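First up is the structure itself, then whatever we jot down about it.
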Amino acid sequence: MSRAVLTLLLLASSFSCWSQTYPARSVKIVVPFAVGGPADIYGRFIGAKLSETLGQPFVVENRPGGGSIVGTDAVVKSAPDGYTLLMMSNTHTVNETLIPKKPFELMRDLAPISGVNSSDLLMVIHPTVQAANLREFIAMAKAYPGRLFYASSGPGTPYHMAGELFKHMAGVDIVHVPHKGSDQARTAILGAQVHMMFDAITTMAGHARSGRVRALGSSGNARSAVTPEVPTVSEAGVKGYEATIWLGLMAPAGTPRPVLEKLNLEVNRVVNAPEVKESWGKQGAQPMGMTVDQFDRFLRADVQKWSKLVKDTGMKVD
């Protein structure tokens, strides 16, 4: 038997061993965002389900800071053994262009596992803002350039980019007010500290129904089943507008492929379970069932999508 064949057989045996024995101890899921946001909520849900199916604890650790940079860098520097995972979002694909001087590169230093889910955003204003609909809000913004403010959970987050895409497509000058997390941004709009916010429909729809905010539009390409009475931003006045928030799992680059595949299989089993799809659907979230390679292609396409907006607008982060 040749040395090359022997090497391949040893590798195959090693990979099989990885798949059969993983996980042999607790797994950490790093959420590089504050407690209470979609990444935290769904990260804990996925962690609990994986704990049930794989027989070891999947523990969430929140490490916010730097618009996801702090927690993500910690994962990049972890051992590529499947015991430290990253709950990520489109913040990461945005940051590839928005924050080029990061200590890592997304597609070089991390390995895709699977998409988790996606959901529309809800564009809301505080009830004290004198605009009954999106067109009136746009007219107000154009009449008072630089005097209206919108909140986000930080630079590069889906809420920030949804706001910047809106500004770019509507031709308005609204000032971005970043916060350290989605809870703080949400508190700002509910407390009338800012005029507008894009927030996940899963967390903001209830406030819109209670009258604490006024919904002007949802961000998808069709009305959400959660807020069917609310038009899309596109139909309400900014034709072609579309932005969502999505979540996924990654691991440090070099993590054995059998581990990635095993996690992918289990995550897809969780998100595609009928009871999960029904529950998430009521919240406005849709599962993102993808193979490892499909998620890799999805990530690369999303990097390109947001790269164009960043370059077109000259957007920068201090």
**Request:** Could you do me a favour and compute the accessible area per residue for region 239-307, 1.4 Å probe, result in Å²?
**Result:** 44
**Asked** So what's the angle, to the nearest 10 degrees on a 0 to 90 scale, between helix 158-170 and the longest Cα principal axis of the chain?
**Response** 50
**Asked** From largest to smallest, what semi-axes in whole angstrom does region 94-157 give when each is the square root of 5 times an eigenvalue of its alpha carbon gyration tensor?
**Response** 35, 17, 9
**Request:** Using the Karplus curve 6.51 cos²θ - 1.76 cosθ + 1.60 with θ = phi - 60°, work out ³J(HN,Hα) for each residue of region 25-31 in order, rounded to whole Hz, and write x for Gly and Pro.
**Result:** 7, 5, 10, 9, 10, 7, 9
**Item:** Virtual spin-label span in nm between Ala273 and Gln304, 7 Å along Cα→Cβ
**Value:** 3.6
**Message:** I'd like the Karplus ³J(HN,Hα) series for region 227-233: coefficients 6.51, -1.76, 1.60, θ = phi - 60°, whole numbers in Hz, and an x wherever there's a Gly or Pro.
**Reply:** 10, x, 7, 9, x, 6, 4
**Prompt:** Which of Ala222, Ser51, Thr157 sits closest to the plus end of the dipole of the chain, meaning its Cα is farthest towards the positive end, when Lys and Arg get +1 and Asp and Glu get -1 on the C-beta?
**Reply:** Thr157
**Message:** For region 16-133, give me the percentage of DSSP beta bridges that are antiparallel, rounded to the nearest 5 percent.
**Reply:** 0
**Request:** Could you list which residues have their amide H under 5 Å from that of Val116, counting only those 5 or more apart in sequence or on another chain, with H placed in the peptide plane?
**Result:** Leu247, Gly248, Leu249, Met288
**Request:** Tell me what the chain gives for mean residue ellipticity at 222 nm when only DSSP H runs of n ≥ 4 count, each as -39,500 (n - 2.57), the sum divided by the residue total, rounded to 500 deg cm²/dmol.
**Result:** -14500 deg cm²/dmol
**Message:** Per 0.36 nm of contour for each residue apart, how much would the distance between Gln130 and Arg25 grow if the chain were fully extended, relative to their Cα-Cα spacing?
**Reply:** 32.2 nm
**Fill in**
To the nearest Å², the heavy-atom accessible area per residue of region 67-189 with 1.4 Å probe amounts to 34
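Whenever you get a sec, compute what percent of the accessible area on the chain sits on carbon and sulfur atoms (1.4 Å probe). Please report the intermediate quantities before stating the final value.
Details: 7410 of 13750 Å².
Carbon and sulfur together cover 54 percent of it.
DSSP beta bridges in the chain, what fraction antiparallel, as a percent rounded to 5? If you can, show how the numbers build up before the last one.
Numbers: 25 of 40 bridges.
Bridges in the chain are about 60 percent antiparallel.
From the C-alpha coordinates alone, can you work out the Kirkwood hydrodynamic radius of region 156-253, in Å?
Evaluated over region 156-253, this radius sits at 14.4 Å.
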**Asked** In terms of solvent-accessible area of protein heavy atoms at a 1.4 angstrom probe, what is the ranking of Val175, Val233, highest value first?
**Response** Val175, Val233
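The values are calculated or read from the model by the stated rules, or taken from the named source; none is laboratory data. Bear in mind the structure is a predicted one, so any value in this text is a computation, not a measurement. Positions of Cβ are backbone-derived with ideal geometry, glycine not excepted, and every protein chain shown enters the neighbour counts. Calculation scope for accessible area: heavy atoms of the full protein, side chains included, ligands and nucleic acids excluded. Shrake-Rupley method; radii C 1.70, N 1.55, O 1.52, S 1.80 Å.
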